[in-house]
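Throughout, read-outs are computed from the coordinates displayed, never taken from laboratory work. Treat the numbers as computed from the prediction; the structure is a model and nothing was measured. Counting neighbours? That spans all protein chains shown, and the Cβs are built from the backbone with ideal geometry, glycine included.
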Amino acid sequence: MKRGKASLVAMAALAGALLWHSPAPAQAPAENAAPTADNAVMLTVFFKHDQSRPLGELNAQLERQGYYKAFPPAGVEVVSWYIMMGIGQVVTLRLPASRLREVNRIIENGAWGAYRTEFYPTYDYKAVGIAAHDKAQ
């Protein structure tokens with residue numbers, strides 16, 4: 001299994017586990033749903049640009065496909081958005097698990113062709129890591 005597909009499988013399993021263990025029944029994605037401690041997931045996406053084509057051409061394709069208009073969708077928090085030289089863009093989002101499919105579809109429809117994508121479900125470890133460091137001092 002390719003790395004990108006393995007990442008998608010892991011992401012789907014995480015989303016399924018979050019929804020399965022939710023006390024409320026699964027509902028259709030709410031456009032105005034806000035991420036909370038009990039429903040939020042973080043998703044890091046690597047947008048690897050096609051290095052065989054010039055940047056202007058890639059940006060024109062993204063514009064034609066509606067990427068800039070659709071990504072990121074309203075109500076999805078952008079935790080970080082970096083350029084990784086020689087790779088492309090690395091974006092970490094925080095969103096309710098119920099909106100995972102929506103984000104995936106926006107990327108499929110808007111970014112594919114200009115970018116190859118890899119998805120990594122992530123979580124915020126900063127407070128735990130700092131607390132462990134402080135305790136060790």
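Packing-based ranking of 97-109, 114-126 yields 97-109, 114-126, ordered from highest to lowest mean Cβ neighbour count within 10 Å. Segment E57..I83, full-extension length gain: 7.6 nm, with 0.36 nm per residue of separation and the alpha-carbon distance subtracted.
Taking a point 7 Å out from the Cα of D50 in the direction of its Cβ, the residues of segment 92-116 whose backbone N falls within less than 18 Å of it are 107-116. Couplings for segment 71-79, taken from phi via the Karplus curve 6.51 cos²θ - 1.76 cosθ + 1.60 with θ = phi - 60°, read 10, x, x, 4, x, 9, 7, 8, 6 Hz in order; Gly and Pro are left as x. With all pairs of different C-alpha atoms in the average, the Kirkwood value for the hydrodynamic radius of segment 43-137 is 14.7 Å.
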